[in-house]
Amino acid sequence: MFKKIGIFLQMIKFEHTVFALPFAFMGALLGSVVMFGTLPTWSQIGWIVVAMFGARSAAMGLNRLIDRISDAKNPRTAGRAIPAGLLKIGEVVIFIGISFFLLFWAAFKLNPLSAKLLPIAVFLLVIYSFTKRFTWACHLILGLTIALAPLGGWVAVTGSVNWTSMVFYFTIVFWTAGFDVIYSCQDVEFDLKEGLKSIPVRFGVQGALFIARVFHILTAIGFVSLLFMTDLSWWYVAGMIIAYIILFYEHYIVSPSDLSRLQTAFFTMNGVLSIVVFSFTLIDLVVQFY
């Protein structure tokens, strides 16, 4: 049983939760402080974790199920659980169903708006895995999906949406799209062969890396905007500066002629960035309260 659980966790890349979960917590923190002048409750945080686990697990399960045929053809992904025969399709379908149940359960436990927004969340969670079959803008669709984490955290504690929450949302949209463009550069040849679409396929690796830089410049602008739209202060600024250094380094170590450090740019750098920005935001707000 434990081996099977490990295979499921590997299938959904559980370690990649570090990308979105810190920003979900940050959305909850900012929403609670901006709207009510208080920190979120432990109950709210708990249900946010359940919703995040359910949403991400459902999305990754769907992605692996939908992409199982192309994954089997790609040497980089042929070892994934479904094409490798480690998980049966029926098992993955049940896993997806349970994951969606957790998402729905948590949303209804949080507040009415969280429940009302579920159709939008489910639509994005489902449609993303199909987008690379018909549009090179699939990276932006992924961004719109992943960025539901901070927006969902905000809605979970406030039951509302405002300009600040939307600026935060689109900041994470462009951050996600940027690092996904970088990551997809390694699959250009395979995607061309299979007729799949992406920004690297459409604009070439050099053009894709330039577009990724533009996306991350927009991310940097978004983080600055949050400073002026909230009560965040110097601790947040310190975290923001570190995040900018990480983004610069991420692009510095990847070039059209050298993608050897792409995994570092994709996973390590962005995982650190999300933790850093959340941690410094948390310190900033806790210091203000205590």
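The values are calculated or read from the model by the stated rules, or taken from the named source; none is laboratory data. Everything numeric here is computed off the predicted structure, so don't read it as measured data. Here the Cβ positions follow ideal geometry from the backbone for every residue, glycine too, while neighbour counts run over all protein chains shown. Quick note on the areas: whole protein, heavy atoms, side chains included, nothing else; ligands and nucleic acids left out. Shrake-Rupley method; radii C 1.70, N 1.55, O 1.52, S 1.80 Å.
Computed across the stretch 1-289, the Kirkwood hydrodynamic radius from all distinct Cα-Cα pairs reaches 19.5 Å. For the stretch 113-200, a crude dipole built from +1 on the beta carbon of Lys and Arg and -1 on the beta carbon of Asp and Glu, taken about the Cα centre, is about 260 debye to the nearest 20. Residues TRP136, TRP163, ordered by accessible area of protein heavy atoms at a 1.4 angstrom probe radius and largest first, appear as TRP163, TRP136.
Accessible surface computed residue by residue for the stretch 1-101, with neighbouring protein chains in place and a 1.4 Å probe, gives 47 Å² per residue. Note on the stretch 1-99: Cα-only Rg and Dmax are 16.7, 53 Å. With a simple spin-label model that places each label point 7 Å from the Cα along the Cα-to-Cβ direction, the separation between ILE7 and ILE217 comes to 4.8 nm. The trypsin sites (Lys or Arg not before Pro) of the stretch 75-124 meeting both criteria, a DSSP state outside H, G, I, E and B (loop) and at most 12 other C-beta atoms within 10 angstrom of the site's C-beta, are ARG76, LYS88.
Helices assigned as whole DSSP H runs in the chain whose Cα atoms extend at least 18 Å along their own long axis and whose mean Kyte-Doolittle hydropathy is 0.0 or higher are found at 17-36, 42-66, 89-110, 118-131, 163-184, 199-229, 234-252, 269-289.
What distance in nm separates the simple spin-label points at GLN288 and SER255, each placed 7 Å from Cα in the Cβ direction? Simple spin-label model gives 4.3 nm for this pair.
Evaluated with a Cβ-only charge set (Lys, Arg +1; Asp, Glu -1), the chain carries a dipole of roughly 760 debye about its Cα centre, given to the nearest 20.
Normalised by the number of residues in the chain, the average gap of Cα pairs under 8 Å and 6 or more apart makes the relative contact order 21 percent. Figure note: PHE130, PHE174 ranked by solvent-accessible area, largest first, 1.4 Å probe, ligands and nucleic acids not counted: PHE130, PHE174. For the stretch 1-289, the residue among SER99, SER165, VAL205 whose Cα projects farthest onto the positive side of the dipole built from Cβ charges is SER99.
For the residue pairs LYS13/LYS132; LYS73/LYS116; LYS3/LYS193; LYS13/LYS88; LYS3/LYS73, the alpha carbons lie more than 29 Å apart in LYS73/LYS116; LYS3/LYS193. The label-point distance for ILE98 and PHE190, in a model that sets each label 7 Å from Cα toward Cβ, rounds to 2.8 nm.
With K and R counted +1 and D and E -1, the other residues having a Cβ less than 10 Å from that of ALA137 yield a net charge of +3.
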